[in-house]
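Have a look at the structure below before the remarks.
The values are calculated or read from the model by the stated rules, or taken from the named source; none is laboratory data. This one's a predicted model, so the numbers in the text were calculated from it and none came from an experiment. Neighbour counts are summed over all protein chains in view; Cβ atoms, including those assigned to glycine, are modelled from backbone coordinates with ideal geometry.
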């Protein structure tokens, strides 16, 4: 996964699915999440956070889904060890992603952490910069391989030539 995070130019994040399931309500989500052997993915002494993406008539609020997943994980550890892992929103040790489309749920480990479009080379923020992932995708779609000159029609913050380099 490290290589994917490092080399994929058009990815925003790399997710490793842990479990796919269907759930019609919050209790089913809780039960499915609590049934996972969490000691394989998370240590009780580590911190975690949940990023929820929800497209569902039943689950309308991503924060509610995040809390349900958090409760299931915390309750799992409390039942097994008497301790609970802590939640840390910023820079957690383990970042989890739950994606719900109607009743189809996928829980994944987020191996990227911060969005991969943030390459770290911008010194100063400019007004409306082109997203680095979009620029890399545009270059790949043109078929440009460095055999000829590259012309940047945007002429803004230089994102296209930097991504082409």
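Being in the same structural domain as residue 18 (by TED's automatic domain parsing), touching a helix residue (DSSP H, G or I) at 6+ places or on another chain (Cβ under 8 Å) and within 27 Å of residue 11 (Cα to Cα) narrows it down to one residue among 89, 73, 36, 98; which is it?
Working: 89 fails: touching a helix residue (DSSP H, G or I) at 6+ places or on another chain (Cβ under 8 Å); 73 fails: within 27 Å of residue 11 (Cα to Cα); 36 fails: within 27 Å of residue 11 (Cα to Cα).
Result of the check over 89, 73, 36, 98: 98.
Within 14 Å of residue 98 (Cβ to Cβ), over 17 Å from the mean Cα position of the chain (by Cα) and exposed (fewer than 12 other Cβ atoms within 10 Å of the Cβ) - does that describe any residue in the range 31-50?
no
Write out, first by first residue and then by second, each pair whose Cβ atoms fall under 8 Å of each other, whose residues are 6+ apart or on separate chains, and whose first residue, in the range 78-105, is without any contact (Cβ under 8 Å) to a residue 24 or more places away in the chain while the second is outside any strand (DSSP E or B).
Pairs found: 78/84; 91/113.
Please tell me if residue 29 is touching a strand residue (DSSP E or B) at 6+ places or on another chain (Cβ under 7 Å), outside the structural domain of residue 162 (by TED's automatic domain parsing), modelled with pLDDT of 95 or more and closer than 26 Å to residue 133 by Cβ. Spell out the reasoning first.
Working: touching a strand residue (DSSP E or B) at 6+ places or on another chain (Cβ under 7 Å): yes; outside the structural domain of residue 162 (by TED's automatic domain parsing): yes; modelled with pLDDT of 95 or more: yes; closer than 26 Å to residue 133 by Cβ: no.
Criteria not met by residue 29.
Applying the selection to the range 127-138, what residues are in a loop (DSSP other than H, G, I, E, B) and at pLDDT 65 or above?
Looking only at the range 127-138, we keep the residues that are in a loop (DSSP other than H, G, I, E, B), and these are 127-131.
127, 129, 130, 131, listed by residue number.
Results for (1) at pLDDT 95 or above; (2) farther than 24 Å from residue 48 by Cβ; (3) touching a strand residue (DSSP E or B) at 6+ places or on another chain (Cβ under 6 Å); (4) crowded, with 16+ Cβ neighbours inside 10 Å, shown as yes or no for each residue.
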residue: 74; (1), (2), (3), (4): yes, no, no, yes
residue: 78; (1), (2), (3), (4): yes, no, no, no
residue: 140; (1), (2), (3), (4): no, yes, no, no
residue: 150; (1), (2), (3), (4): no, yes, no, no
